[in-house]
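Asks: Please see the structure below; I have some questions.
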Amino acid sequence: THNPLSLLASAMAIFLCILFGANAVAIKFTLAGLGTFTAAAVRFSLAVVAIFLWTHFTHQSIRVRKGQAHQLLIISILFAAQIGLFYMGLSKTFASRGALIINLVPFLVLLLSHFFTRDDRITPGKLLGILMGFLGILFLFLQKRDISEELKTGDMLIFCSTLLWACSGVYTKKIIQNYSPFQIAFYPILFAVPFLYICAILFDKPMVNAPDGSVLAAILYQGLITGSFGFVAWNVLLQRYGAVSLHTFIFIIPAVGVLLGGLMLKEPITGNILMALVLIGTGIFISQFNKKTDHAPGASGGS
C-alpha cells in the first residue's frame, strides 16, 4: 500500500522529470569532449562515489543479504548493456530523437508486464496508450528528409537500449520492495563502471578530445545530479508513493528533451518530431491513468 501523493512529492517528481529530460542534452555536450564509452564511464564513476558517500554519511546500509547477489547481478548486466547502447546511439543521433525513443520504456513495460506478471494485464485504456506511443515513434522513423544512415543507426541503438531498460524494469519491480533505493542505484552502476572503462580503452579513439568547461559541467550534471541524486530520489518516491502516481509525470521528460535539444543544441524540431512528442506524451498520460495496479520502477531519463 502506497501513500497518497502529496503536493511536495508532486513538485519533486516534476523537478526530477525535468532533470531527467535534460540528461540527453547533457550527454551530447559531454560527447563533444570525451569518447562515447569514456563519457559514460566517467559519469558513472562520479555517480557511484557520490552514492557511496551518501550511504556512508547517512548510515544507510548497502550490504548484500543472502539471496540478493544473483538478482543484483542480473540487473547490473542489463544496466551495463543498456547504458553502453544508449551512449553509442546518442553519439550518432540527435538528443531530441533519443529523448523521444527512450520514452517508449513505459509502453514496453506495460507489454512485458502483461505476459510476465500475474497481476498486471493490458486494459483497453492501456492498449490505447501503448498504440499512441508506438505510433509516435513510427512518425519519428518515417521521417525521410535530412535523415542520414548514421541517424537511423543511432535511433535503432537507442531503441535496443530502451528494450533492455524495459526488461530490467519489469524484473526490478518484482524485487524492489526487498531492497533499499541505495542498493538498486549503487550496485548496477558499480558493475557497469569497469565494463565501460574496458569498452573505452578498446573502442574510443581518442578517449579524451579537448574537453572544455561545458563538457565538465555536463559530466558533473550527469554524475552528481541525475546519476546519483536523481536516481536515488526517484526510487525513494517510488517506494513511498508507487509507480502509478509517479508515472503520471513521465510525459514531462520527452517534452524537456525535445525543447532543450532545439534550444541548446540547435537540433531541427520537425513536424514529425512534434507529432511524435504529442502522441507519446498523450499515450503515457492515457496508459498511466488507466492503470489499476502499481508497476514498473525507474524513470526514462535516469539513463
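The values are calculated or read from the model by the stated rules, or taken from the named source; none is laboratory data. Note that the structure is predicted; figures quoted are calculated from it, not measured. We place every Cβ from the backbone using ideal geometry, glycine too, and count neighbours over all the protein chains shown. To get the accessible areas, we keep the full protein, side chains included, count just its heavy atoms, and leave off ligands, DNA and RNA. Shrake-Rupley method; radii C 1.70, N 1.55, O 1.52, S 1.80 Å.
Asks: Do the conditions hold for MET88, that is, is it closer than 20 Å to ALA255 by Cβ, open to solvent by 10 Å² or more (accessible area, probe 1.4 Å) and touching a helix residue (DSSP H, G or I) at 6+ places or on another chain (Cβ under 8 Å)?
Replies: no
Asks: Any residue at all in segment 116-127 that's modelled with pLDDT under 85, in contact with an Asp or Glu (Cβ under 6 Å, 6 or more places away or on another chain) and among the hydroxyl-bearing types (Ser, Thr, Tyr)?
Replies: No, segment 116-127 has no match at all.
Asks: Here's another thing I want to ask about it. If the requirement is being more than 21 Å from the chain's Cα centre (by Cα) and either closer than 16 Å to LEU112 by Cα or assigned to a helix (DSSP H, G or I) (or both), which of these qualifies: PHE139, PHE134, PHE159?
Replies: Being more than 21 Å from the chain's Cα centre (by Cα) and either closer than 16 Å to LEU112 by Cα or assigned to a helix (DSSP H, G or I) (or both) holds for just one of PHE139, PHE134, PHE159, which is PHE139.
Asks: Something else about it: Does LEU78 satisfy the criteria of being part of a helix (DSSP H, G or I), closer than 23 Å to LYS28 by Cα and open to solvent by 30 Å² or more (accessible area, probe 1.4 Å)?
Replies: So LEU78 passes the test.
Asks: Name every residue in segment 44-75 that is under 22 Å from LEU163 (Cβ atoms) and crowded, with 19+ Cβ neighbours inside 10 Å, in order of residue number.
Replies: If the condition is that a residue be under 22 Å from LEU163 (Cβ atoms) and crowded, with 19+ Cβ neighbours inside 10 Å, then PHE44, LEU72, ILE75 are the ones that fit.
Asks: Which of (1) open to solvent by 10 Å² or more (accessible area, probe 1.4 Å); (2) modelled with pLDDT under 90 is the odd one out, the single condition VAL193 does not satisfy?
Replies: For VAL193, the failing item is (2).
Asks: Take the residues of segment 20-77 that are in contact (Cβ under 8 Å) with a residue 40 or more places away in the chain and among the basic types (Lys, Arg): which is farthest from ILE102 (Cα to Cα)?
Replies: Filtering segment 20-77 for residues that are in contact (Cβ under 8 Å) with a residue 40 or more places away in the chain and among the basic types (Lys, Arg), the one farthest from ILE102 (Cα to Cα) comes out as ARG43.
Asks: I would also like to ask the following. Of everything in segment 167-190 that's modelled with pLDDT under 90 and small (Gly, Ala, Ser), which residue is most open to solvent (accessible area, probe 1.4 Å)?
Replies: SER180
Asks: Please determine whether any residue of segment 33-40 is part of a loop (DSSP other than H, G, I, E, B) and among the hydroxyl-bearing types (Ser, Thr, Tyr).
Replies: No, segment 33-40 contains no residue that is part of a loop (DSSP other than H, G, I, E, B) and among the hydroxyl-bearing types (Ser, Thr, Tyr).
Asks: Restricting attention to segment 147-156, which residues are in a loop (DSSP other than H, G, I, E, B) and small (Gly, Ala, Ser)?
Replies: Narrowing segment 147-156 to residues in a loop (DSSP other than H, G, I, E, B): 147-148.
Scanning segment 147-156 gives a single hit, SER148.
Asks: Let me ask something else about it. So, in segment 249-267, of the ones that are at pLDDT below 90 and not in a helix (DSSP H, G or I), which residue ends up surrounded by the most Cβ atoms within 10 Å (Cβ to Cβ)?
Replies: Top of the filtered list is ILE250.
Asks: Moving on to the next point. Listed residues LEU16, LEU5; which is under 14 Å from VAL236 (Cα atoms) and at pLDDT below 90?
Replies: Values: LEU16 fails: at pLDDT below 90.
Selected residue: LEU5, the only one of LEU16, LEU5 that is under 14 Å from VAL236 (Cα atoms) and at pLDDT below 90.
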